[in-house]
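The values are calculated or read from the model by the stated rules, or taken from the named source; none is laboratory data. Bear in mind the structure is a predicted one, so any value in this text is a computation, not a measurement. Quick reminder, even Gly has a Cβ in these numbers, built from the backbone with ideal geometry, and neighbours come from all protein chains shown. The protein model used for the area step is the full one, side chains on, heavy atoms only, and it has no ligands, DNA or RNA in it. Shrake-Rupley method; radii C 1.70, N 1.55, O 1.52, S 1.80 Å.
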Amino acid sequence: MTGPRKKGKWIMLAGATGFALLIFVARAGNTAPFENIVLRATTPVTATALHAWQSIAALGLTAVDMKNVGTEVAVLRE
């Protein structure tokens, strides 16, 4: 039975091997497959974050507009 330390060593070895392979492929100039994998894996997260950011920005604009309404009404009444 493998203990947690032995599993950790295998995970670290696999990560180091993957990282070394990525460096080797990057030096060869053919990173398109890795870029596609990363983009496909992170697209849902980035799309959600962008949507959340746009919603927060819209709230900020609405707050600024509401602040300016009072001055605009005063100017229009004059």
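What is the sum of charges, Lys and Arg at +1 and Asp and Glu at -1, for the other residues whose Cβ falls under 12 Å from the Cβ of Met12? Please list the in-between numbers first.
On the way: positive: Arg5, Lys6, Lys7, Lys9; negative: none.
Once all neighbours under 12 Å are counted, the net charge is +4.
Tell me the carbon and sulfur percent of the accessible area for the chain, rounded to whole percent, probe radius 1.4 Å. Numbers along the way, then the final one.
Values: 5190 of 7330 Å².
Carbon and sulfur atoms account for 71 percent of the accessible area of the chain.
Is segment 1-65 best put as rounded, prolate or oblate by its Cα gyration tensor, with a ≥ b ≥ c the root eigenvalues, rounded for a/c under 1.5, and otherwise prolate when a/b is larger than b/c, oblate when not?
Working: a/c = 4.52, a/b = 1.94, b/c = 2.34.
Oblate, because a/c is 1.5 or more while a/b does not exceed b/c.
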If you count only protein heavy atoms with a 1.4 Å probe, what accessible area per residue comes out for the chain, rounded to a whole Å²? 94
Rounding to the nearest 10 and keeping the result within 0 to 90°, find how far the Cα-based axis of helix 32-77 lies from the longest principal axis of the chain. 10
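Show that you can apply the helix-only estimate: for the chain, add -39,500 (n - 2.57) for every DSSP H stretch of four or more residues, divide by all residues, and state [θ] at 222 nm to the nearest 500.
The per-residue figure over the chain is -33500 deg cm²/dmol.
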Gaussian network model of the chain, Cα springs within a sub-10 Å range: biggest mean-square fluctuation belongs to which of Val25, Val45, Val64? Val64
